[in-house]
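In what follows, a structure is listed as structure tokens, so that the remarks can point back to it.
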Amino acid sequence: MFGLFKKKSEKDQLYATYKKLLKEAHSLSTSNRKLSDEKVFEAEEIMKKIEQLN
């Protein structure tokens, strides 16, 4: 309850974006493979940023 107004760290925000992109890529994989590949590429770029923060 006390963490209700606590802001997320940059790492947490990037990880949430990473998971969102992978979810979108998975749903697009059946209908549009090119867009799916682009989403996976974007997710990989975000993972690189997360690894640099460590």
Inset, instruction - With respect to PHE41, determine if the residue is outside any helix (DSSP H, G or I) and loosely packed, with under 15 Cβ neighbours inside 10 Å. - result: no
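Going by the structure shown, is LEU21 in contact with a Lys or Arg (Cβ under 7 Å, 6 or more places away or on another chain) and either loosely packed, with under 11 Cβ neighbours inside 10 Å or modelled with pLDDT under 95 (or both)? Please lay out each step first, then the result.
Details: in contact with a Lys or Arg (Cβ under 7 Å, 6 or more places away or on another chain): yes; either loosely packed, with under 11 Cβ neighbours inside 10 Å or modelled with pLDDT under 95 (or both): no.
When the stated conditions are applied, LEU21 does not pass them.
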Legend entry - Pairs, first among the acidic types (Asp, Glu) in region 32-49, second part of a helix (DSSP H, G or I), C-beta under 6 Å, six or more apart: GLU42/LEU21
Inset, instruction - Please tell me if SER9 is out of contact with any helix residue (DSSP H, G or I) (no Cβ under 7 Å at 6 or more places or on another chain) and either among the hydroxyl-bearing types (Ser, Thr, Tyr) or at pLDDT 95 or above (or both). - result: yes
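The values are calculated or read from the model by the stated rules, or taken from the named source; none is laboratory data. Since the model is a prediction, treat every value here as computed from it, not as a measurement. When we count neighbours, we look across all protein chains shown, and the Cβ atoms used for this are built from the backbone with ideal geometry, even at glycine.
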